[in-house]
1. In this structure, is Leu349 farther than 25 Å from Gly268 by Cβ and either touching a residue at least 12 places away in the same chain (Cβ under 8 Å) or not charged (D, E, K, R) (or both)?
2. Return the residues of the range 68-111 that are at negative phi and without any contact (Cβ under 8 Å) to a residue 12 or more places away in the chain; say none if nothing qualifies.
3. In the range 474-505, how many residues are of a type outside the set (S, T, N, Q) and either within 18 Å of Phe241 (Cβ to Cβ) or touching a residue at least 60 places away in the same chain (Cβ under 8 Å) (or both)?
4. I'd like the full set of residues that are under 16 Å from the mean Cα position of the chain (by Cα) and either under 30 Å from Glu18 (Cβ atoms) or free of Cβ contacts under 8 Å to residues at least 12 places away in the same chain (or both), limited to the range 191-220.
5. Among the residues of the range 112-134, what is the count of those that are free of Cβ contacts under 8 Å to residues at least 60 places away in the same chain and within 29 Å of the chain's Cα centre (by Cα)?
6. Filter the range 1-43 for residues that are outside any helix (DSSP H, G or I) and either of a type in the set (Val, Ile, Thr) or over 29 Å from the mean Cα position of the chain (by Cα) (or both) and give the result.
7. Given the options Ala118, Ala90, Ala96, name the one that is in contact with a helix residue (DSSP H, G or I) (Cβ under 8 Å, 6 or more places away or on another chain), modelled with pLDDT of 95 or more and crowded, with 22+ Cβ neighbours inside 10 Å.
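The values are calculated or read from the model by the stated rules, or taken from the named source; none is laboratory data. What you are looking at is a predicted structure, and each value in this text was computed from that prediction instead of being measured. Cβ coordinates were reconstructed from backbone atoms using ideal geometry, including for glycine residues, and neighbour counts include every protein chain displayed.
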Amino acid sequence: MKILTKEQMLEAEKRSCEFGVSLKQLMDNAGFALFEEIKSYAYENMITSCLILVGLGNNGGDGLVAANLLLSSGISPTVLIIGEVKTPLARSAFCALDKSIPVVCLGDDGYENTIINAEIIVDCVFGTGFHGEFSKPVADLFAEVNSSSAHKIACDLPSGVDCKNGFVASGAVKYHKTVSFHAVKLGCLLSPAREFCGEITVRDIGIPDRADNSFAIEMFDAEKAKEVLPYRPDNSHKGTFGRVSLIVGSNKYIGAAVLSSLAAMRCGVGLTQVITTSNVAKTIATKIPEAILLPVEPCSDGTISEKSADTILNECEKSSCVLIGCGLGNTHNTAELIKKIVEKTKGVLIIDADGINSICPNIDILKNTKARVILTPHPAELSRLIGKGLKDTLGDRISETVRFCDEYGVTVISKSRESFVYDGKSAYVISKGNSALSKGGSGDMLAGMIASLAAQGVKPIDAAALGAYILGLCAEELSDSFSKRSILPTDILGSMPGVLSKIED
């Protein structure tokens, strides 16, 4: 499934013109694709009429093209238009509309009856440029559509969906089917928009392959998970599966060290070294006898002292991957420790939680590191990384993640209901998971899982995506039998062997 952002789709359309396929031809092709989807449902269900809601722009033009084609196929269309069409292409399509097709304007007396009587309603009102909320008349229109029992089809994406972030306007309609052109728009795969799209079908509209030169976005699914999960030959030993060092924990956050370490071990790494304070190490020793422990000097506040940096760096040279941040604390001392680790670590370095918080005031150290860095921010941490407010960050989370990665040369997994991973060349969307993960400790587990997979040689973007996929799948599997509200991170850890076995099969 091809996935594009709003900006990528606009660029593909622009470049298509450069390669000889005009915007008019693209509109004609989109209208034909929409017509075929409507006709298929109508013929199958012996329906002879259809209502097409037409907006002011090119999305409305697609619907007008489809209306003419429906008329010639024996299906009687009615057009309900929300105002005077604005774009040249849409105006041309309106002028070409067959004069025998009834046209009703929003606000006409009794316009609601066209909705009440419709058996198929096709939404061609707003396209990829929509953001914000509906105007009062349009909100009233969609309220009528919402109460209709008709089969509902969205053209390219449902009206009310913000293509950038998946936000949805109040009163938007949930559709049975969305007919996307050329590619699924990324916003349709993000919550809450994904709940409004119904079945998504992608139709080719003639954009040349060479016009689509943007970075690839893929859904990370079961097939991809099986592909990137590292092979485990029977003729192997602990060294075969890598070594990971976790610089984690403090007196206040002992659990973060335990959860990240256990998650790393559950995901198959050969050797797990936990570098933490002596007090935390005592707990690790009783909870995880398989771990290698390196107790280091603590500060008076119970965090790892930056005076131990050289000792830690020497130990980390033995590992193929280093994780820093889970439960570490966010103090001047930890910021100095993390700065030294970032500057001098080689190999793969995962920076999580307090590791992220600590580098935000000195973010340019990422430009000087020798490591291949993976950052794992939740929305609030991402907002600190990019230096914007949380609302602005959430409003353009995907683009902000892309810009940050491109500037600093890192891999970022932007965690949310649907996580987004980007490494400067390609991207994944991971939709697995549910509210069972909305508890402290889930991020610690994910960081440990990513570190484990990276230590086994999985490339950073794949390790981040696979870790999120496994974690989400564990939550979904457990939720089949137990309440989401009662599932704990330790329950997730216990389910990993079974879930990994399913992925391997």
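1. no
2. Ser72, Pro88, Arg91, Cys95, Lys99, Asp108, Asp109
3. Matching residues across the range 474-505 total 7.
4. Of everything in the range 191-220, those that are under 16 Å from the mean Cα position of the chain (by Cα) and either under 30 Å from Glu18 (Cβ atoms) or free of Cβ contacts under 8 Å to residues at least 12 places away in the same chain (or both) turn out to be Phe215, Ala216, Ile217, Glu218, Met219.
5. Total satisfying the criteria: 5.
6. Listed by number, the residues that qualify are Ile3, Thr5, Phe19, Gly20, Val21, Ser22.
7. Ala90
To keep it simple, each residue is scored yes or no on (1) crowded, with 24+ Cβ neighbours inside 10 Å; (2) touching a His at 6+ places or on another chain (Cβ under 8 Å); (3) more than 19 Å from Ala257 (Cα to Cα); (4) of a type in the set (Phe, Trp, Tyr).
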| residue | (1), (2), (3), (4) |
| --- | --- |
| Asn330 | no, no, no, no |
| Ile338 | yes, no, no, no |
| Ala371 | no, no, yes, no |
| Thr376 | yes, no, no, no |
